[in-house]
Amino acid sequence: MLLLLSCAEPQNIPPELQTSTYADGATIEIPTVGLDVEVTADDPDGDPLLFSWTIDGVGLDSEEQPGASSTTSICTLYGAYLDGSTLALLISDRVDAIGLSWPLVYVGD
């Protein structure tokens, strides 16, 4: 009797974006009082998600969230110095990732 076993790695399913305060690529206008950018994602495999926020490639915050039906991450933006910058978010399950980015414009009051 011959028994064949497959040793293939299970296929990873990448994270999925559920909701975002701003559509990918939309310009975010920052008032004097600041604002929050909120993104919700999930991982169909239940893998922990890593949310990595950057402005012009400089890391702001990274947080790992356990797998769940949905996970939310929030980035709070303040200040005129952000005018002309780009906010980016990478959501990763450490195998696959999805990325979002938004140009920033300071509008003041």
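The values are calculated or read from the model by the stated rules, or taken from the named source; none is laboratory data. Keep in mind that what you see is a predicted model, and the values were worked out from it rather than measured. Methodologically, a virtual Cβ is constructed for each residue, glycine included, from the backbone with ideal geometry; neighbour enumeration extends over all protein chains shown.
A Cβ distance below 8 Å, combined with a sequence gap of six or more or placement on separate chains, defines the contacts here; from the stretch 13-31, residues that are under 20 Å from L50 (Cβ atoms) reach residues that are among the hydroxyl-bearing types (S, T, Y) and in a strand (DSSP E or B) in the pairs P15/S92; L17/T40; Q18/T40; T19/T40; S20/T40; D24/S101. For the stretch 58-69, the criterion of being closer than 20 Å to L82 by Cα, surrounded by 13 or more Cβ atoms within 10 Å (Cβ to Cβ), at pLDDT 95 or above and of a type outside the set (D, E, K, R) is met by none of the residues.
With respect to the conditions (1) at pLDDT below 90; (2) closer than 20 Å to Q18 by Cα; (3) not β-branched (V, I, T), G79 falls short on a single one, namely (2).
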